[in-house]
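Every number here is computed from the coordinates shown, using simple stated rules; none is lab data. Every value quoted in this text rests on a predicted model; they were computed, and no experiment measured them. As a convention, Cβ positions derive from the backbone with ideal geometry for all residues, glycine included, and neighbour counts pool all protein chains shown.
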């Protein structure tokens, strides 16, 4: 019964997440098209640069949201309302402090912006735009502790529901503002409004599901629990720091070495990557609470069996997205934004490698976070990030944009690629990590082989209409990749597991 309930919750979360992200992707690119038409590449670059800078300030979070989820798994499973409210009261105080810290640091770095912004012509009121983006970042921290409770309790679908509703509202407001006023300030104001109201709705939904949160404001956690919490947060801080250096310094370096406008061109590609990555992350976030519950109940062999099943799903999704990115994105950008926004094929390949080598580790991250081995792997991301930053500066000066993107891939493969699975296989599964590396290399070769096959097929397609060409190529990608992967994995445990769940669901219907 518990397994069925867990599977049902996971399935619902994944379905809601998929629909939500699909809607968001459509709206983001229509809005982006209008943004470029109305405001141009300079504002696009500034928006991307400031968003990146403020993402670095999220370091103040100290990995608290992941720690919070880990702390809540057990009391939620035992319906220990006293402990849940104690943690929630404590996290509320912490996130209020985090919001204040981000506000102060965000204001403090304003004098440094003039050294980072690199535009051919000055944009008036540029610091006002920065403050608006900063304010939008701050208000999200005032509510995050409540939405994290929903995630930990396998109710991610509620968050996705409200995110989708307010993404649609935001889209309508921003398009209206851009077409009627051409005001970047009002465009950012719409974002603040929807972020604030959307977070209030999610907070109210949380209070409705857990009414006892209001009545137990005096519950507090003990000293040993605080110590354990900060021990995990300390470890996760290094993940956070490493992740920020890897993911959020590229736009700053591009602006410094090449120019802020190039950040706008790059952001068309990075936005596609971000949307796809968000989609994959949402799926695995939806799985995280179920896996967290699963690992507390099952033995090591059962945990490894589930890990292997998720690894196949992880590969299938990431490989398919990488192939589609390589085959479709140039046509997509040319169709939506114009040929002048296209970047080189070498850059495209480096970007795909960056996406693949990062997202193929989603299953590892889920098990790392749900098993609580933060302290043993805490320096991996940070060491990788330091290597990445050094290489980005060196290669960025030598090779420009391609060098900055390629540096991330090289840094990841030099350390994180082999170190993280080594620890997880040894400490969680008690198995030889060679199994993982062999499968990783074979799957990477398979992805490259699929790209080669499709490239050969597409050489025979000669259609001038970009929309029709893109549609035909998309259909071919879906059909060819799906058929070949079904043939390869038809006897795999992951495939059989999925078929079993589908059959069981149909019988219940």
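Remarks
- Computed over the Cα atoms of the chain, the ratio of the radius of gyration to the Kirkwood radius (Rg/Rh) comes to 0.95.
- Two-decimal Rg/Rh across segment 103-245, once Rg and the Kirkwood Rh are taken from alpha-carbon atoms: 1.05
- Sum of -39500 (n - 2.57) over DSSP H runs of 4+, divided by residues of the chain (222 nm, nearest 500): -28500 deg cm²/dmol
- Shape category assigned to segment 298-509 from the gyration tensor of Cα positions, a/c cut at 1.5: oblate
- Exposure proxy for 406, 414: other Cβ atoms within 10 Å of each Cβ, ordered fewest to most, give 414, 406.
- The fewest-to-most ranking of 101, 263, 318 by surrounding Cβ atoms within 10 Å reads 101, 318, 263.
- Mean separation of Cα contacts under 8 Å (6+ apart) over length of the chain, as relative contact order %: 21 percent
- Sorted peptide list for 219-228, 131-140, criterion being average Cβ within 10 angstrom, highest first: 131-140, 219-228
- Spatially, segment 419-467 and segment 73-108 are offset by 39 Å when compared through their Cα centroids.
- Rg over Rh for segment 1-233 works out to 1.01, both radii taken from alpha-carbon positions and Rh defined as the Kirkwood radius.
- Put in line by how crowded their Cβ is, counting other Cβ atoms within 10 Å and starting with the fewest, 125, 356 read 125, 356.
- All-pairs alpha carbon distance profile, segment 301-369, 5 Å steps from 0, percent: 3, 16, 20, 18, 13, 10, 8, 6, 3, 1, 0
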